[in-house]
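Student: The structure under discussion is supplied below as structure tokens; questions concerning it will follow.
The values are calculated or read from the model by the stated rules, or taken from the named source; none is laboratory data. Predicted model, so just to flag it, every value in this text is computed and none were measured. Note: ideal-geometry Cβ built from the backbone for every residue, glycine included; neighbour counts use all protein chains shown. Just the protein is used for accessible areas: all its heavy atoms, side chains included, with ligands, DNA and RNA removed. Shrake-Rupley method; radii C 1.70, N 1.55, O 1.52, S 1.80 Å.
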Amino acid sequence: GGWLLLQNCHLGLEFLSELMDTITTAESMSEDFRTWITTEAHPEFPINLLQSSIKFTNESPQGVKAGLKRTYSAVTQDHLEVSNMPQWKPLLYAVAFLHATVQERRKFGPLGWNIPYEFNQADFAASVQFVQNHLDDMDIKRGVNWSCVRYMLGEVQYGGRVTDDLDKALLNTYARVWFGEHMFSEKFCFYKDYVIPKGKTVEDYLQYIEQLPVIDTPEVFGLHPNADITYQTNLANETLSTIVSIQPKDSSTGGGETREAVVQRLADEMLEKLPPDYNPHEVKAQLQKMGSIQPLNIFLRQEIDRMQHVIARVRTTLTDLKLAIDGTIIMSEELQDALDNMYDARIPKLWFRISWESATLGFWFTELLERSQQFSSWLQDGRPNQFWMTGFFNPQGFLTAMRQETTRMNLAKGWALDSVVLRNEVTKMMKEDVVGPPPADIGGVYIYGLFLEGAGWDRRNSKLVESAPKV
């Protein structure tokens, strides 16, 4: 009749099948017995165990109001009065607001954080404990050491999870703007109508939190209002994708072409347009003519190898899929996935794992043709005057190779690779205007294909501008 708690079961998936057998084959079991399992989401979690269980999920609250409400619901009156310093209660609320903000920014994807971090309640608890200790040890005459507070919040407590330099700068900006003597003034606010309430009890704070908006504008978190459009668009696309993925996979589309016929026709068209395989001997010969030890040519060889892998995989999948549809070979799980995704105009998992992201299968295949064309032209006609930067598997490798070549060209001047830095200049030329490489005294390369999200480019004045009016 006891309860059994198994934690982090995503680390022991093989045992779960044994557990399921034990539970289902037990001859007798107490009605008071319960098995609790904690796990992260995992695609290989036994589906029969999942379906026979009651599921609970523990996720961060949505919105500042819900986040603050959850935080203050766990704060006791004793905790609120643990320090008699006047800075304690405002600082506690400010840390709670920062905690809600860093969690809420995650929903905006790369617009919120370059890397999604798993901020949790432990970060908040550690930050609050630090603030409490700092106030206890504080010299009343000197006051709060704000440099220390900002450093601990921006670099240690929350910043300890942050690995991206720009994300670290963002977090330190929050610490600098929200934490200082100015936060105790009457005019201070995180954003208009988002202020630090003055309360004596937990109930006072909860009453203030209750009147906050349920839906926050992105400006509360320091984002452009249009960030919400991106979030809503991504959410709608994800929802529609889920709906499509769980639709019945009937073989007939209701009187018209069957799913198999549609996919077979699509496979024929793609096979017809698919570029030929790269001949390794021809590639090697061409690279030797161009100078096979030059860094950019080594980079080209690596890109061609990866592109050949994609082309070969696509060709094999399409050929096998046609045979499976005809009944010549067995329809495997991977081929079934390819059939379902191709019918829904999505990228099969087999291809996506070794390639690049794209909105639809059509865009993905068009990009495959264009990428292959760039490599073939470079191989046959020599180094191009301009490079499609976003058409590479490893753009960072391209930039590194370019730095290596530039350094070698300037060895006589005493240049060293470690001291060479990249400098970007946006020209006013259109793609068609480029008729040669950059001047030898300047060096570098011309690239195109970059895009902006959340901003536009003013070509006349060469500066960033708002991409759209505020809505």
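Student: What pairs come up if the first residue lies in region 322-345 and is assigned to a loop (DSSP other than H, G, I, E, B), the second is modelled with pLDDT under 90, and their beta carbons are under 6 Å apart, counting only those six or more places apart or on different chains?
Tutor: 344/244
Student: Check whether at least one residue in region 141-163 is assigned to a loop (DSSP other than H, G, I, E, B), open to solvent by 40 Å² or more (accessible area, probe 1.4 Å) and within 28 Å of residue 234 (Cβ to Cβ), and report yes or no. Steps first, answer last, please.
Tutor: Restricting attention to region 141-163, the residues satisfying the condition of being assigned to a loop (DSSP other than H, G, I, E, B) are 141-145, 158, 162-163.
If we keep only those that are open to solvent by 40 Å² or more (accessible area, probe 1.4 Å) as well, we get 141-142, 145, 163.
Then keep just the ones that are within 28 Å of residue 234 (Cβ to Cβ); that gives 163.
Within region 141-163, one or more residues are assigned to a loop (DSSP other than H, G, I, E, B), open to solvent by 40 Å² or more (accessible area, probe 1.4 Å) and within 28 Å of residue 234 (Cβ to Cβ).
Student: I'm checking my understanding of the structure. Among residues of region 206-222 that are open to solvent by 100 Å² or more (accessible area, probe 1.4 Å) and free of Cβ contacts under 8 Å to residues at least 24 places away in the same chain, which one is farthest from the chain's Cα centre (by Cα)?
Tutor: Residues of region 206-222 open to solvent by 100 Å² or more (accessible area, probe 1.4 Å): 207, 211, 214-215.
From what's left, free of Cβ contacts under 8 Å to residues at least 24 places away in the same chain: 207, 211.
On the way: 207: 36, 211: 33 Å.
Step by step, filter region 206-222, then rank; the result is 207.
Student: What number goes with the only condition from (1) farther than 14 Å from residue 94 by Cα; (2) open to solvent by less than 70 Å² (accessible area, probe 1.4 Å) that residue 237 does not pass?
Tutor: So the condition that residue 237 fails would be (2).
Student: Considering only residues of region 426-465 that are at pLDDT 85 or above and among the β-branched types (Val, Ile, Thr), which is farthest from the chain's Cα centre (by Cα)?
Tutor: Checked region 426-465; the qualifying residue farthest from the chain's Cα centre (by Cα) is 435.
Student: Going by the structure shown, is residue 351 touching a Ser or Thr at 6+ places or on another chain (Cβ under 8 Å) and touching a residue at least 24 places away in the same chain (Cβ under 8 Å)?
Tutor: So residue 351 passes the test.
Student: Name the one entry in 14, 59, 40 that is in contact (Cβ under 8 Å) with a residue 24 or more places away in the chain and either open to solvent by 60 Å² or more (accessible area, probe 1.4 Å) or acidic (Asp, Glu) (or both).
Tutor: Numbers: 14 fails: in contact (Cβ under 8 Å) with a residue 24 or more places away in the chain; 59 fails: in contact (Cβ under 8 Å) with a residue 24 or more places away in the chain.
Only one candidate passes the filter, namely 40.
Student: When you look at residue 203, is it in the same structural domain as residue 142 (by the TED database), open to solvent by 50 Å² or more (accessible area, probe 1.4 Å), of a type in the set (Asp, Glu) and in contact (Cβ under 8 Å) with a residue 12 or more places away in the chain, yes or no? Explain how you work it out, then say what you get.
Tutor: Values: in the same structural domain as residue 142 (by the TED database): yes; open to solvent by 50 Å² or more (accessible area, probe 1.4 Å): yes; of a type in the set (Asp, Glu): yes; in contact (Cβ under 8 Å) with a residue 12 or more places away in the chain: no.
For residue 203, the condition - in the same structural domain as residue 142 (by the TED database), open to solvent by 50 Å² or more (accessible area, probe 1.4 Å), of a type in the set (Asp, Glu) and in contact (Cβ under 8 Å) with a residue 12 or more places away in the chain - is not met.
Student: Further, regarding this structure: Here is a list: 122, 94, 66, 100. Which entry is in a helix (DSSP H, G or I) and open to solvent by 40 Å² or more (accessible area, probe 1.4 Å)?
Tutor: On the way: 94 fails: open to solvent by 40 Å² or more (accessible area, probe 1.4 Å); 66 fails: open to solvent by 40 Å² or more (accessible area, probe 1.4 Å); 100 fails: open to solvent by 40 Å² or more (accessible area, probe 1.4 Å).
Every option except 122 fails the conditions.
Student: In the list 134, 182, which residue meets the criterion of being modelled with pLDDT of 90 or more and within 30 Å of residue 455 (Cβ to Cβ)? Explain how you work it out, then say what you get.
Tutor: Values: 134 fails: within 30 Å of residue 455 (Cβ to Cβ).
After applying the criteria, what remains is 182.
Student: Related question: Pick from region 283-296 the residues that are out of contact with any Ser or Thr (no Cβ under 9 Å at 6 or more places or on another chain) and free of Cβ contacts under 8 Å to residues at least 60 places away in the same chain: which of them is surrounded by the most Cβ atoms within 10 Å (Cβ to Cβ)?
Tutor: 292
Student: For region 200-286, please list each of the helices (runs of 4 or more DSSP H) lying entirely inside it that holds at least 3 residues being more than 30 Å from residue 374 (Cβ to Cβ) and modelled with pLDDT under 90.
Tutor: So the answer is 227-245.
Student: Within region 297-318, how many residues turn out to be surrounded by fewer than 13 Cβ atoms within 10 Å (Cβ to Cβ) and touching a residue at least 40 places away in the same chain (Cβ under 8 Å)?
Tutor: Residues that pass the stated criteria total 0.
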